[in-house]
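Report on the following structure.
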Amino acid sequence: MKSGKLFTLIISVLFASMNTAKAQDMHFSQFYVSNLTLNPATTGVMSCQMRVSAIYRNQWASVAGKYAFNTFGLGVEGKFNVGKKDYVGAGLSVWVDRAGASAMTSIQAALSASYLKKIGGRRANEHYLVAGAQIGFTQRSIRLDQLRWGTNWDGSAFNPALPDNEDVFNKSLAVADLSAGLLWFSALDKNNKSNIYAGIGFQHLTKANLSFITQGTEPLFTKFTIHGGAEARLAKRLALVPNFAVFVQGPSTQLNVGTGIKFDFSKKSTSRQAFTLGVYMRGANMAQVNSDQAVFGVDALIALLRMKFGSSNIGFSYDINVSKLIGASRGNGGFELSYVWTLCNHKGRRLGCPTF
């Protein structure tokens, strides 16, 4: 492909994607690790008493170079007894996203709370219904001095001496946010080696205005999330770990689905060492070059490795781009690195919970 056509393809796809996905959230391939941004009803859903999670994503470095997308998320949450069978959860999450020549930066901090209600079953098959809510604060900013405007074009070249359009833009804005969700999960054995869960989340119920244009309106569309997963024991030390998530936000739809194979090193009933190898697929309704229509297709294949050492889980995933942008990206999408640490009181009662 000639360099001119390649450049046109890059610009067309990137701008088409921006028009389709404006006012949308960031996303993680390891979406289950960033559970507090996935669904507030996952707050405190764990066998242990405390969980700390961190995740970092770098995307489109092969296309955008130093202007690649960089996203970092951090979550801290705990679970507390209410009577003999129920629990409450509380959590704090923070994520930061930065991208582009304008260094457009989003910072969000949120507080989450949940109530875990046992609705049936015994120790080997007990199941819970969880209701959660989240209140957050989002701040966004851009560097206008790094941008070039159409008014700076003098007919033959860029001329910084000509007037620009900076006066019609706000350099920063701040909004409040509100989310809610429901989650059901069930143990499939008394040793918490098999379980299943499903949930639905409703994010950005306030539909805040995120337009940087002084008199503009750009609502943050409410996002609907349906997600689920399981850990199904195939043998004493082998398990299947499928997960899926569907995100619908305004005109955008995204599907992440895949599975991993988990192998336990430990022969004990409570595994302390394990690794998981998996493959996921991400699909989305993607904008088409020279068209206003979006068609659902496969955007990337995702390779996953996750390792457990005692209280720590370390995850690494890599996106292999298979969309029409492959000519520019050369198949490179993005990589993620995650870390999850849990604090367990082994004298306490352990729930048959999913592992995020």
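Bear in mind that the values in this text are calculations on the coordinates, not laboratory data. No experiment lies behind these values; they were computed from the predicted model shown. For neighbour counting, all protein chains shown are included, and Cβ atoms are generated from backbone atoms with ideal geometry for every residue, glycine included.
Fully extending the segment from residue 84 to residue 149, taken as 0.36 nm per residue of separation minus the present Cα-Cα distance, adds 17.1 nm.
What size of dipole, in debye to the nearest 20, comes out for the stretch 119-273 about its Cα centre when the only charges are +1 on Lys and Arg C-beta atoms and -1 on Asp and Glu C-beta atoms?
On the way: 17 positive and 11 negative charges, 309 e Å.
Roughly 1480 debye for the stretch 119-273.
Expressed in nm to one decimal, what extension gain is obtained for the pair residue 305 and residue 263 from 0.36 nm per residue of sequence separation less their Cα-Cα distance? Please report the intermediate quantities before stating the final value.
Details: separation 42, 0.36 × 42 = 15.12 nm, distance 1.16 nm.
Between residue 305 and residue 263, full extension yields 14.0 nm more.
For the stretch 39-145, what log10 I(q)/I(0) values come out of the Debye formula at q = 0.10, 0.11, 0.17 1/Å, with one point per alpha carbon and no solvent? For the stretch 39-145 at q = 0.10, 0.11, 0.17 Å⁻¹, log10 I(q)/I(0) is -0.42, -0.49, -0.82. When the charge dipole of the stretch 101-187 is built from unit charges on Cβ atoms (+1 for Lys and Arg, -1 for Asp and Glu) and taken about the Cα centre, the candidate among 109, 141, 152 whose Cα reaches farthest toward its positive end is 109.
Average the reciprocal distances over every distinct pair of alpha-carbons in the stretch 206-287, invert the result, and give the Kirkwood radius in Å.
Numbers: mean 1/r = 0.0632 Å⁻¹.
This gives a value of 15.8 Å.
Measuring max minus min along each principal axis, the C-alpha atoms of the stretch 88-231 give extents of 75, 26, 21 Å (largest first). Listed by chain and number, the aspartates and glutamates whose C-alpha is less than 20 Å from the C-alpha of residue 117, apart from same-chain residues fewer than 8 away, are 77, 86, 126, 189.
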